[in-house]
1. Are any residues in the range 140-161 assigned to a helix (DSSP H, G or I) and closer than 14 Å to GLU68 by Cα, and if so, which ones?
2. Among the residues of the range 78-103, which ones are in contact with a helix residue (DSSP H, G or I) (Cβ under 6 Å, 6 or more places away or on another chain) and of a type in the set (Val, Ile, Thr)?
3. Of the residues in the range 104-140, how many are in contact with a helix residue (DSSP H, G or I) (Cβ under 6 Å, 6 or more places away or on another chain) and either within 27 Å of GLN279 (Cβ to Cβ) or at pLDDT below 95 (or both)?
4. Restricting to the range 217-260, what's the tally of residues that are under 18 Å from ALA187 (Cβ atoms), small (Gly, Ala, Ser) and surrounded by 23 or more Cβ atoms within 10 Å (Cβ to Cβ)?
5. Kindly check whether there is at least one residue in the range 149-158 that is at pLDDT below 95 and under 18 Å from the mean Cα position of the chain (by Cα).
6. If we scan the range 60-81, do we find a residue that is touching a Phe, Trp or Tyr at 6+ places or on another chain (Cβ under 6 Å), surrounded by fewer than 19 Cβ atoms within 10 Å (Cβ to Cβ) and small (Gly, Ala, Ser)?
7. Can you tell me which residue is farthest from the chain's Cα centre (by Cα) among those in the range 217-252 that are charged (D, E, K, R) and in a helix (DSSP H, G or I)?
8. If you scan the range 204-216, which residues turn out to be closer than 11 Å to ALA111 by Cβ and in a loop (DSSP other than H, G, I, E, B)?
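The values are calculated or read from the model by the stated rules, or taken from the named source; none is laboratory data. Owing to the predicted nature of the structure, the values given are computational and were not obtained by experimental measurement. Quick reminder, even Gly has a Cβ in these numbers, built from the backbone with ideal geometry, and neighbours come from all protein chains shown.
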Amino acid sequence: MTQNAIDASRIDACLARDLVAIQFPQWADLPLRPIERGGNDHRMFRLGDDLLVRLPAAPGYVPQVAKEQRWLPRLAPHLSLPVPEVRGVGAPSEAFPAPWSVYGWLSGEPAATARLDDPVALAGDLADFLVALRQVPVTADAPRPGLHSAFRGGSLEHWDEEMGDILHRVHGRERDIAAGIWRDALAATFLGPDVWFHGDVSVNNLLLTDGRLSGVIDFGCSAVGDPACDTVMRWTLFRGRAREEFHRRLDVDEATWARGRGWALWKGLIMITNKPPGQAEFARRVLDELMAGV
């Protein structure tokens, strides 16, 4: 079997349990159950109280597995918050034709569903985490932007043709404003230095405990390059004082913010026609923030 044979519809608790029993028999007797809101890129299952099984859901996500297995242990000591700890490296097999992972379980509730009692503190904690990530030493063998990172961390010019196609999803003055945001983002050239970035900073990948940021997960889009893609929470989540705190503590130049607006615009225009409707409503709110020039 090849990686192209991955069938997301067949990735269920039975498969995950069989893989664990064969490759990690010491954990075979632990209860295993699916995790809701597991994401599109990977399927996840809680194993016992302290472990997490994570399998790529399509061939395009397979390169992220080895990247996380190699680099998370090297990033973790430099960071201000816990990140997934690799506890087991699953090998491709006849049952599942791609590598997969067992991680330590990180407690906390995703910011997508948790109560945000103190968004200013969350903004500061997240900014501090991203600053620490940017400061991790870059080595010659560090991953560079590409398909594995959805080209995040690379030039926005990669998405320029697609942007021309999706600008029609807004109309009139909104389209003019969106086109201007995109032009400004393209003009704000990244001059380096290359730094580590997360690549998918979203409410689904931030864990909160007692209202405070307690962990950051899903480094599948991480790499070394332009950190502008990590600024998008300024428009997607934070408002008022929280936005000001994120801006102050993240400490990047205005060109980086301009490219970040471009990333937020690109994602918002993609999602505005998505189903279920909640995604489109979220995208509409983000676009409204961008259009307001905040």
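1. Residues satisfying the conditions are HIS148, SER149.
2. VAL83, VAL86, VAL89
3. 5
4. Residues flagged as under 18 Å from ALA187 (Cβ atoms), small (Gly, Ala, Ser) and surrounded by 23 or more Cβ atoms within 10 Å (Cβ to Cβ) within the range 217-260 amount to 2.
5. The answer is yes, given that some residue of the range 149-158 is at pLDDT below 95 and under 18 Å from the mean Cα position of the chain (by Cα).
6. So far as the range 60-81 goes, yes, one or more of its residues are touching a Phe, Trp or Tyr at 6+ places or on another chain (Cβ under 6 Å), surrounded by fewer than 19 Cβ atoms within 10 Å (Cβ to Cβ) and small (Gly, Ala, Ser).
7. So, considering only residues that are charged (D, E, K, R) and in a helix (DSSP H, G or I), the one farthest from the chain's Cα centre (by Cα) is ARG241.
8. Answer for the range 204-216, where residues must be closer than 11 Å to ALA111 by Cβ and in a loop (DSSP other than H, G, I, E, B): ASN204, ASN205, GLY211.
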